[in-house]
Amino acid sequence: DRMEAISDRTSSLYFELYHKLKMAEQDYKLKKELSEFQYLSEASRLRIKVYQNIDVAADAIARSLKLDLVLRVGEPPLEVERETTTLQRLSQQVVLYHDAKLDITPQVLAKLNEEYRKGKEQKPPEKKP
């Protein structure tokens, strides 16, 4: 009797179940979107935290080496892609040449690893105007 009502697309049971199905689909879609948003927000928060830790470590290393300027050097991987994308990536590259002897990345990584092992949250030093 119930199966007949379900297969009869004009029955109230069919419409009730169809409505519940559509509501469940909407609920799933909203929960999925919310989960994705929460994930992206948390990922962004963690990236910012990592960048802040890198900034603190680079600042400490630069001060200890009495450096006046530290630049981020990143070689954008040039792959076959759209011309506009390649040009954008190249235009984002700030440093065109650097002597590898000036690279403080190993010291920064060592400091980050040391702080991580200690379980410390790095606090930014007070910047002098």
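Listed values for region 23-29 are Karplus-derived 3J(HN,Hα) couplings in whole Hz (6.51 cos²θ - 1.76 cosθ + 1.60, θ = phi - 60°), namely 5, 5, 5, 5, 4, 4, 4, and x replaces Gly and Pro. The protection proxy used here, the mean number of other Cβ atoms lying within 10 Å of each residue, ranks peptides 99-112, 55-68, 9-22 as follows, highest first: 55-68, 99-112, 9-22. The gain in end-to-end length when the Ala62 to Lys101 segment is fully stretched comes to 12.6 nm, 0.36 nm per residue minus the alpha carbon separation. Stretched out straight at 0.36 nm per residue, the stretch from Lys20 to Leu71 would grow longer than its current Cα-Cα span by 12.6 nm.
All of the numbers you see were taken from the coordinates with simple rules; none came from a lab. Worth saying up front: this structure is predicted, and the values here are computed from it rather than measured. Ideal geometry is used to build each Cβ from the backbone, glycine not excepted, and the neighbour counts take in all protein chains shown.
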